[in-house]
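The values are calculated or read from the model by the stated rules, or taken from the named source; none is laboratory data. As the structure is a prediction and not an experimental result, all values here were calculated from the model. Heads up, the Cβs are rebuilt from the backbone with ideal geometry, glycines too, and the neighbour counts pull from every protein chain shown.
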Amino acid sequence: MDLNRLDDRLKADCEKCAALCCVALAFDKSSVFPFDKAAGEPCRNLESCGTCKIHSDLATTGYMGCVQFHCHGAGPIVTQDLFSGGTWQTQPHLLRPMMEAFWVFLRLQEQVLLLKHAANLPLPEGKQKELHAFLDELCPEDGWSWDAFEGLDHAKVSADVKTWLTSLRDVLA
């Protein structure tokens, strides 16, 4: 994986998403959300065209949780790579699989972000090779296919990345 391409892979691009954060994520009424919302329930501010009707006023209308949220590219990867631009809005049967994939990619993209930061460390050659192997696995050169996604043991990869990141303490101490 070319480290210069990581910024593109981690970019939240709402134009290339199906408003997955607005439907897949749950939140409780709090200082950062003015009402409760269950996972799978579209936000009451989500318009039928897939945009937020109060997006420019989120910070002033009690939605700091939305302002602070960043999917790190999970939404566009799910919408564009896995579902070829399909959306749950026009194909309701896609809602559950899109949400499930989105939840997985939120975690995977957080792993990619952590690895990107680790790439800036003065790592020995062996650790650099391991880092690039993780990035190659988590950032396929041609994007994600459904088969590649289903074939990935995402829990194992996440655990392996966590163990690898923890091992950097010994290397950098």
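Please go through the stretch 112-130 and pick out each residue that is hydrophobic (A, V, I, L, M, F, W, C) and either over 16 Å from the mean Cα position of the chain (by Cα) or part of a loop (DSSP other than H, G, I, E, B) (or both). Scanning the stretch 112-130 gives 118, 119, 121, 123.
Taking (1) more than 30 Å from residue 34 (Cα to Cα); (2) at pLDDT below 95 in turn, residue 59 satisfies each apart from (1).
The criterion of at least 1 residues that are surrounded by fewer than 18 Cβ atoms within 10 Å (Cβ to Cβ) and among the hydrophobic types (A, V, I, L, M, F, W, C) is met, among helices (runs of 4 or more DSSP H) falling completely within the stretch 1-72, by 64-68. Across the stretch 131-145, the number of residues qualifying as under 18 Å from residue 106 (Cβ atoms) and assigned to a helix (DSSP H, G or I) comes to 4.
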